[in-house]
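See below for the structure under consideration.
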Amino acid sequence: MEGLDTSIVGSASEPAMRLIPNAELMENERKEAQARQSTKKITGLAAYVTEQWQSAKRTKELIEYELIANQRQRNGTYEKDKLTQIRKQGGTEVFLMLTAAKCRAAEAWIKDIVMNGQDEPFDIKPSEIPELSEVERASVEQNVYMNAQQELEAMAMMDGIITVEEIEAIKQQLLGRVEDLNQAVIDELKLEAEESANKMQVKIIDQFQEGGFSEQLEQVIYDIVTFKAGFMKGPMIRKRSKLEWQQGMNGFEPIETEEFILEYERVSPFDIYPSPDSSGIDDGYLIHRQKLTVGSLNAMKGVEGYDEGAINGVIEDYGKGGLRTWLSHDYERAENEDKPYEYLNPSSTIEAIEYKGKVPGLVLLEHGFTEEDIEDSTNDYEVNVWLIGTWIIKASINANPLKSRPYTKACYENVAGSFWGRGVPELMEDIQQVTNATARALINNLAIASGPQVAVNDTNRIPTGEDIESIYPWKIWQFTPDVKGNGQRPIDFFQPNIMTTQLLEVYSYFSKLADDYTGIPAFVQGNDDAKGAGKTASGMSMIMTHASRGIKDVIAHIDRGIIQPIVEKTYIHNMLFDEDETIKGDVDIQARGALSLFNKEQAQVRRNEFLLATNNPVDLSITGKQGRAAVLREVAKALDMPIDEIVPDDEEIEAQIIQEQQMMQMQSLDPAGNPAGGQDARVF
């Protein structure tokens, strides 16, 4: 009712119950979160994380400059100092996109092998041949001995006397039965282990599809080729909205539900800050600088480990105005990523610092962790902390059994002992500079030599107002009389030399060097300038085999650095938290996809060569139709073609052979069924 205070509801006989509005509930949660944030545990830990962040940020300044240079080189833009020098000298500002072409070729080559859409780039098998436990062996022996006891009793009832020979024979039978049953149990366990491994693989494949693994891997490959390293994060538990349809009175109606799924995401090399002494993901500490939104913060609510009250406090403090600290390289990074005006819209970004690192237990105790959290102060503990402004929305000890971090890394070329490697732009940086200088010289030379140059010998003979700075066809030049009488022409014309041939040779030489420096030959980009052995199929196959050695190393880096660790982390998550017990078991994970797919491509070339080499009467008479059909099946299988529709099975081929033999026999008989004239009847 209007004017009535409904905050208290009750009667004389029932106690009053206060209805608390949602706004007040959220405010209470915020106050509780603020109280937790002000404790020694939170404030001390925030200071510790901030100190590490400042150290990592300072030590990465040179790396950030190199990342910007890589990005700029692939985009085909000069750095500002270089562009100023070029403009000072005058002439063209052309930038040849040789680096971009090599990067695109490398990406395409890697994706064709790693992400071909036919097979998964990993395989899961049972870790080892299962062995029976002591309990299982005892159970088998007990069953055998019980059956033997029953047989002995039956024999005693029939004969009354059991000889020593009969007892010895029964002993030998018992040993055989025990071994047979043990092997039967082992075979059953092996089948169960293989079935569990297959189910686990299917489960992880589904999680990869649902969590966007392939899309993110494609972006990581771009980073691996372009920058000093590529990074992927996952698996991460995220709350996502899901649309379902339910049939009602008026037909199907949409219903929005929420579910927790595993997700994977590409992390920009600009946003990863390792500790100064780090050489790998799990060395020292690792900081991930993140750009969050209100939506992504809300998605963290309800996820284990996150402080919902602190998240509400962050949204209230920074939800409207944002929180962004612009570093020195951020402006040029935004410009290179085609976001030059990003700084004008800071309200949409809330910057977070995610810290993952090993901290001594004694330090954690000083920061407020209890002895219940820290069992041994002399040990190091892996801590995960999310810091946003003055708020810590998550602070926990890493629960991973191996204490590994949910990040993976791969480089195009590894540098021993270094956290960062080298990408294609860095490998061919000098070549790009030389080819750019050659191209500028070439174009400037063509411009200068495109017409005559003019030398003014005597400016006194040029009439006032005469234009001597422009030249065009049929121009009339005016001069005053030669009062000095020395006979010198007031203006001379001369033609500069064209150096096109020499400059093109220089460019061609250095552009070919890029093939060796990057390991990406020209024919991968579609260049058909093949000479010598490259003119034949077998010769081109040999060239591709030798040229592929460099890319094999890159793919091996992706196998060991990205794919296998991500699969292992997802497997551990499923073993710990998945409710389906049938998928669980001790398995061996191999990132066999990349190199095996590459080997399949080479095998396909070899199969085609084999088909051509054996396509002659002598070899066909040896292999026969069935042997030829077996090879054709393998070729069709590798090409993902319908094998059954192309190649008949062995029974059909056998029937065809019999039918052909009968037809030949019928053709060798006369109408009466006798051998044709001139033929020996004994052959029939």
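The values are calculated or read from the model by the stated rules, or taken from the named source; none is laboratory data. From a predicted model like this one, the values you see are computed outputs, not experimental measurements. Don't worry about glycine lacking a Cβ; one is built from the backbone with ideal geometry, like all the others, and counts go over all protein chains shown. Just the protein is used for accessible areas: all its heavy atoms, side chains included, with ligands, DNA and RNA removed. Shrake-Rupley method; radii C 1.70, N 1.55, O 1.52, S 1.80 Å.
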- What is the distance in Å between the Cα centres of region 401-417 and region 273-325? 21
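For region 193-279, go through all pairs of different Cα atoms, get the mean of 1/r, take its inverse, and jot down that Kirkwood value in Å.
Hydrodynamic radius (Kirkwood, Cα pairs) of region 193-279 is 16.1 Å.
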- Pull out the extension gain between residue 613 and residue 330, defined as 0.36 nm times the separation in residues minus the alpha carbon to alpha carbon distance; nm, one decimal. 95.9 nm
- Computed over region 387-481, protein heavy atoms only, probe 1.4 angstrom, the accessible area per residue in square angstrom equals 53
- Probe 1.4 Å - accessible area at residue 622, Å² to nearest ten: 130
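Under a 1.4 angstrom probe, counting protein chains only, how are 335, 64, 93 ranked by accessible area, largest first?
Final ranking, largest accessible area leading: 335, 93, 64.
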- Note on the structure: Here region 473-515 gives, from Cα atoms, an Rg and Dmax in Å of 21.8, 65
- Message: How charged is the neighbourhood of residue 74? Take every other residue with its Cβ under 12 Å from the Cβ of residue 74, and add Lys/Arg as +1 and Asp/Glu as -1.
- Response: -2
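Return the carbon/sulfur percentage of the accessible area of region 208-366, one whole number, probe 1.4 Å, all protein chains in place.
48
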- Can you give the accessible area of residue 635 in Å² (nearest 10), computed on protein heavy atoms with a 1.4 Å probe? 20
- So between residue 572 and residue 625, what do we pick up on full extension, going 0.36 nm a residue minus the alpha carbon distance? 14.1 nm
- Net charge near residue 651: determine it from the other residues with C-beta under 13 Å of the C-beta of residue 651, scoring Lys and Arg +1 and Asp and Glu -1. -4
- Message: Less than 10 Å Cβ to Cβ from residue 221, Lys/Arg counted +1 and Asp/Glu -1: what total charge do the surrounding residues give?
- Response: -1
- Item | Cα-projected label distance for residue 582 with residue 112, points at 7 Å along beta-carbon direction, nm | 4.1
